[in-house]
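Quick notes on the structure that follows.
Where a number appears in this text, it was derived from the coordinates with a stated rule and is not lab data. The model shown is predicted, which means the values in this text are computed figures rather than measured ones. Cβ placement follows ideal geometry from the backbone for every residue including glycine, while neighbour counts extend to all protein chains displayed.
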Amino acid sequence: MFLLSKLVWIFGQPMSLAFFGVLLALIAGLLRWRILGLIGAAGALLILFVTLYTTTGTYMLQGLEDRFPKPASDPDDVRCMIVLGGAFEGEVNTARHGIEFSEGVDRFIEALRLAQKFPQSRILVSGGDGSLSGGYEGDAAASRRFFPLFGVGADRLVEETQSRTTYENAVNTKAFLAEQGLSNCLLITSGFHMPRSVGLFRKLGIDIVPWPTDYRTTGDVTLGLNLTQPSLNSEHLRTALREWYGLVGYYLAGRTSALFPG
């Protein structure tokens, strides 16, 4: 399942689809299949236009982020938090032995803020190496260097280092929670990632409190043209599609009970 999910994403992301459209048009042209060539070229152009010059991706991402609104205020008490991996540059950290963050760094900044506010809380970091090679450091391993730098003792950390996917995050976390006697933890991950995460945790009967962070949209985006920032438009569509591939895949595999948990 892990390898299949990686292959689906490699070949199913927008730029890959556009590439295959151009490739189809080129092959069809060489074989003098004019209609098939036109279909391939038109399909590639349409994908590129929607990806680069419309707000489609941002709008889709916003829908994911709005599914679980963040509470207006902090809880009165926090005994434990589950932080899902996706905040560290594992390949760079492995090579340079540092603490380099990716765009999802808000997950760990929020966990750090809450850990300092609630010194009695435990922090379970779930995240191994999600690469195909399996040769890089995961988020859980990097967290043991990160949190102590800011006064959060290593004795408060629970490190789940084996998971490669969100499903494995949930399965492995359940075992760790039982072992540590923890329950009703805050689930900290990116807002767009929360629907898929909550669906998996619910299916496994894990009681959590959704605590989204790492927002990428303003919350008031409408569908339309956006000619000023094609790179950002592309990134947003890529992120949103990856989540929806995961939502559909996990639902069809019976790993969640709802297509779009809310």
In whole angstrom, note down how far apart the Cα centers of segment 59-91 and segment 195-220 are.
-> 6
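At 1.567 mPa s and 4 °C, plugging the Kirkwood radius over alpha-carbon pairs of segment 1-120 into Stokes-Einstein gives what diffusion coefficient in µm²/s?
On the way: Rh = 18.8 Å.
Stokes-Einstein gives a translational diffusion coefficient of 69 µm²/s.
Starting from 0.36 nm per residue, how many nanometres of slack lie between Val22 and Leu7 once their C-alpha separation is accounted for? List each step's numbers first, then the result.
On the way: separation 15, 0.36 × 15 = 5.40 nm, distance 1.99 nm.
Result for the pair: 3.4 nm of gain on full extension.
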Taking the Cα centre of segment 80-213 as origin, work out the dipole magnitude from +1 charges on Lys and Arg Cβ and -1 charges on Asp and Glu Cβ, in debye rounded to 20.
-> 380
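Figure the gain on full extension for Ser131 and Ser73 (residue separation times 0.36 nm, minus the Cα-Cα span) and round it to one decimal in nm. Can you show the working numbers first?
Values: separation 58, 0.36 × 58 = 20.88 nm, distance 3.61 nm.
Length gained, Ser131 through Ser73: 17.3 nm.
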Sort largest first and round to whole Å: the equivalent ellipsoid semi-axes of segment 80-213, each the square root of five times a Cα gyration tensor eigenvalue.
-> 21, 18, 13
If you work out Rg and Dmax of the Cα atoms in Å from the coordinates, which of [x] 19.2, 72; [y] 20.3, 71; [z] 17.9, 57 do you get?
-> [y]
Relative to the longest principal axis of the C-alpha atoms of the chain, give the angle of the C-alpha long axis of helix 56-65, reported between 0 and 90° and rounded to the nearest 10°.
-> 20
May I ask for the angle, rounded to the nearest 10°, between helix 166-180 and the longest principal axis of the chain, with both axes built from Cα atoms and the value confined to 0 to 90°?
-> 10
Taking a crude spin-label model, label points 7 Å out from Cα along the C-beta direction, the Thr218 to Ser231 distance in nm is 2.1
Paired Rg and Dmax values of segment 147-262, which use every Cα atom, in angstrom | 16.8, 52
Helix 14-30 axis, angle to the chain major axis (alpha carbon atoms, nearest 10°) | 20
Amide H contacts of Thr213 (H built 1.01 Å from N, under 5 Å, at least 5 apart or other chain) | Thr189, Ser190, Gly191
Positive dipole terminus of segment 14-105, leading residue within Ala95, Leu17, Cys80 (C-beta point charges) = Leu17
